[in-house]
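Beneath this line is the structure, given in structure tokens, with notes to follow.
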Amino acid sequence: MKRVITYGTFDLFHQGHYNILKRARELGDYLIVGVTSESYDIERGKLNVKDSLLKRIENVRKTGFADEIIIEEYQGQKVSDIIKYNIDLLVLGSDWKGKFDYLKNYCEVVYLERTKNISSTKLRSEGKIYRIGIVTDDTEDNEMVQESKFVSGLHVESVYSEDISVAEEFCDKYELDSYGTDYRRFLEGLEIVYIKAGIKKRAEYIRYALQHGRHVVSDTPMTLDTGEQKALFQLAKEQGVVLVEKLTLVYLRAFNQLVWLTHNELVGDVVAVKCAVSQDDFQGGKSFNETVSQALCACIKLLGKDYLDVNTNAVRGSDGGFVYDVITVKYPKTLATIEIGTTVDVENELVIIGSKGRITVPNDWWNTGYFEAKVEGQEFLKRYSFNFEGNGLRYLLQELTIMIRDKRTECTRLFYEESETLAELLKIIDQRG
Ligand code: CTP
């Protein structure tokens, strides 16, 4: 009996899927179909899958070609499956040509011609597309154009800048459809605006966009005026649109798991949280406020909104500029310390010190898929690792499209009140020195 296996996501099941399953079945006597799990697809950066795993399995089952259906959960699983299920032939579409030749040591590998003019990607693109515009003072997109390509239903179309030459250069650089200096006209063709203009005019741009019913992603902080921020959230709510800050940390799976484990007392009662960032290593924006925001966001997610006191200490250079900052945020039972190397190098790290151990996120902790825990009584370090791609923005954008679809205005990753606490802390810190 010849045993055949094939794999796929089988999203928005189409004729191409049907054909390959039929042909794979005809090449043997028993067909096993591996359907990718949701977390595997997220891990490999495929964020645009529409159908649930159960629906995709059901669609494969309904063809009647699969004798058995399994779930593909991790990279490298194919080798284990071939051995486990005693496979004679692996069938893949021609889009994978050559990529699995190394499996020829285990079984026969055949690549079948794809069915022309149909794919899940094509079907997904026929759905609703949200058009994004970028408001900027310079020609950097902070990866918005590239990252949006990983999320289905999004397209960056245009750019606005007060400076026409900046707008034109940006438009050419990222191959957008249009550019302009008339904010009102720029907004007309868009559903979403990404505002990365300087802090001075940021709130003004946000307010106008919200008043005109546009969803907004803003660089952080939106404003240093806490009253103004509150009013902007209120306006977003009234208008039924989304207003989110570009704090990618809260959308990362590793960070969310870390918060969850901390709240579930993995390392006992939290005594201290330490975050260190060299501003030079911090991508996107690179302003002091934006750098501190990520660290404050980590503290708020880990320790909550009810801080008691904030203190700042800084070393200045001979020109009076800030060189190194230490900020402490005191909570009833915990002390959070934020160390920023403004012009000097500090070791990037986030550490949570608890009564029963320590969690460490090494290196660029604001943009990570990894952390480790040393727990009292356990001999070995526990390591947590999630495949992570890009700069985190695609995960924020994916959530944004879901919020828009579900008509939710408040982001549950960072609630309005958490954002407001962050702005409040930032204002105090900004007045330092
Ligand atoms: N396939 C095919 N012909 C098509 C589309 C897919 O033969 N027109 C095959 C793929 O080569 C693969 C299997 O069907 O072996 C499952 O493919 P999958 O990646 O789930 O489908 P796609 O339509 O290619 O999805 P996407 O556009 O998201 O990559």
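The values are calculated or read from the model by the stated rules, or taken from the named source; none is laboratory data. Because the structure is a prediction, the values reported are computed rather than measured. Note: ideal-geometry Cβ built from the backbone for every residue, glycine included; neighbour counts use all protein chains shown. Surface accessibility is based on the protein's heavy atoms, side chains included, excluding ligands, DNA and RNA. Shrake-Rupley method; radii C 1.70, N 1.55, O 1.52, S 1.80 Å.
For the range 1-26, which residues satisfy the criterion of being within 10 Å of the ligand (Cβ to nearest atom) and either of a type in the set (Phe, Trp, Tyr) or in a helix (DSSP H, G or I) (or both)? Within the range 1-26, Tyr7, Phe10, Phe13, Gln15, Gly16, His17, Tyr18, Asn19, Ile20, Leu21, Arg23, Ala24 qualify.
Among the residues of the range 219-232, are any farther than 21 Å from Leu426 by Cα and within 25 Å of the chain's Cα centre (by Cα)? No - not one qualifying residue is present in the range 219-232. For the range 72-107, a residue qualifies if it is within 16 Å of the ligand (Cβ to nearest atom), among the acidic types (Asp, Glu) and not in a helix (DSSP H, G or I), and the qualifying residues are Glu72, Glu73.
Checking each residue of the range 300-310 against the condition of being of a type in the set (Val, Ile, Thr) and assigned to a strand (DSSP E or B) gives at least one match. Out of Lys330, Lys301, Lys237, one residue alone is touching a helix residue (DSSP H, G or I) at 6+ places or on another chain (Cβ under 7 Å) and either open to solvent by 50 Å² or more (accessible area, probe 1.4 Å) or not small (Gly, Ala, Ser) (or both). It is Lys301.
It is to be established whether one or more residues within the range 400-409 are open to solvent by 20 Å² or more (accessible area, probe 1.4 Å), at pLDDT below 90 and at positive phi. Checked the range 400-409: no residue is open to solvent by 20 Å² or more (accessible area, probe 1.4 Å), at pLDDT below 90 and at positive phi. Checking each residue in the range 201-229 for being surrounded by 17 or more Cβ atoms within 10 Å (Cβ to Cβ), more than 20 Å from Phe186 (Cα to Cα) and not aliphatic (A, V, I, L, M) picks out Thr220, Pro221, Thr223, Thr226, Gln229.
Residues in the range 27-60 that are within 11 Å of the ligand (Cβ to nearest atom), among the basic types (Lys, Arg) and modelled with pLDDT of 95 or more: Arg56 only.
Screening the range 333-433 for strands (runs of 3 or more DSSP E) wholly inside it with 1 or more residues that are among the hydroxyl-bearing types (Ser, Thr, Tyr) returns the ranges 335-341, 357-362, 370-375, 382-385.
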